[in-house]
1. Aspartates and glutamates within cross-link reach of LYS167: Cα-Cα under 16 Å, excluding same-chain residues under 8 positions apart?
2. For ASN256 and VAL157, compute 0.36 nm times the residue count separating them, minus their Cα-Cα distance, and round to one decimal in nm.
3. I'd like the FRET efficiency for PHE32 and ARG203, computed as 1/(1 + (r/R0)^6) with the beta carbon distance as r and R0 of 30 Å, rounded to 0.05.
4. Which of the peptides 58-69, 193-204 is most tightly packed, and how do the rest follow, judged by the mean count of other Cβ atoms within 10 Å per residue?
5. Hey, any idea what Rg/Rh is for segment 94-217, computing Rh the Kirkwood way over Cα pairs?
6. So, R0 is 35 Å and r is the distance between the beta-carbons of PHE138 and PHE248; what FRET efficiency does that work out to, to 0.05?
7. Output needed for the chain: three equivalent-ellipsoid semi-axes, defined as square roots of 5 times the C-alpha gyration tensor eigenvalues, in descending order, whole Å.
8. At a 10 angstrom cut-off on C-beta neighbours, averaged per residue, how do the peptides 235-242, 147-154 rank from highest to lowest?
Amino acid sequence: MLIRYRIPLNYFIKFAYVDAIAVMIVSVGVFFLVRKINFPIIPINIPAFMGTAISLLLGFKLSQSYDRWWEARKIWGAIVNDSRTLTLQVLNYHKDGNCEQTIRIANRQMAWPHSLGQSLRGLSPLDKMGDFLSEEEFARVASHKNVPLAILNEHSVDLRQMYQDGKINDYQQIQIDKTLVRLCQSMGMAERIKNTVFPTSYRLFLHLFIYLFITLLAVALAEVDRLWEIPMMVLISLPFLLLEKTAFYLQDPFENRPTDISVSAIANTIEHNLKQLIGQSDLPAPVEQDTFYVM
């Protein structure tokens, strides 16, 4: 997630150099083609009108992309709250308090957001799991395709055992179960965002309109018989292309990019909080930050 306003220039260069080159090729091609062919000059009002229409489409796409990004952030905010709630409930509801069973559940809950974040990013969901799970638990969850779901199942098994052993009463069992349900719902909502593809035709048509706008503007400026028309075309078109690419990155917040939701940092915060609750002193180090973003 981007955390600073002063984003390095090289990030923008990597972000936009392909589009800048493409615009320059189109501009150079139109510049020389119009002068070799007796091509009618297009009134400047036509590309101006088209630019206005593209701005409206870009505004709509940015709004929709940010909605997806913000929904993902709210989901992970709920995961933080429910992870703390689950640990507090288990520690304070259990008749034996801070015992082996409650510590096992707390450690497992520390593992869960790490595993879910890795899974959403298409990375190995078993990374760091050995730090939190016993060998038996690790072997059980490793056999599942959906590791975060398997970890929640381990919670449910322990919850049933606690209830059967009389360590918690009916009301307490229902409350803990509700927390597990919310965690499962948050996981499902995050997976829905990850697996729902933003309509690709929308981006293709928008790109087509932007390049059509660039072409029409180059033809309309053909009367400007100077080569500086080409860099001017690049400067005019880059804001449209940068905004479109920004919307494209925001619409997928779990792709292991600087614009992602900082799920690793959030999972690290959960681990830090829960370890303090159960009295462990080996607190995790803060997630390393780049100069302008944190993962």
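1. Within reach: ASP96, GLU100, ASP158, ASP177.
2. Once the chain is fully extended between ASN256 and VAL157, it gains 32.4 nm.
3. After rounding, the FRET efficiency stands at 0.50.
4. In descending order of packing, they fall as 58-69, 193-204.
5. 1.25
6. Working: r = 37 Å, r/R0 = 1.07.
The calculated FRET efficiency here is 0.40.
7. Sorted largest first and rounded, they come to 55, 18, 14 Å.
8. Numbers: 235-242: 17.8, 147-154: 20.4.
The most tightly packed comes first, giving 147-154, 235-242.
Read-outs: derived from the displayed coordinates by stated rules, not from any lab. Since the model is a prediction, treat every value here as computed from it, not as a measurement. A quick note on method: Cβ atoms are made from the backbone with ideal geometry, for glycine too, and the neighbour counts reach across all protein chains shown.
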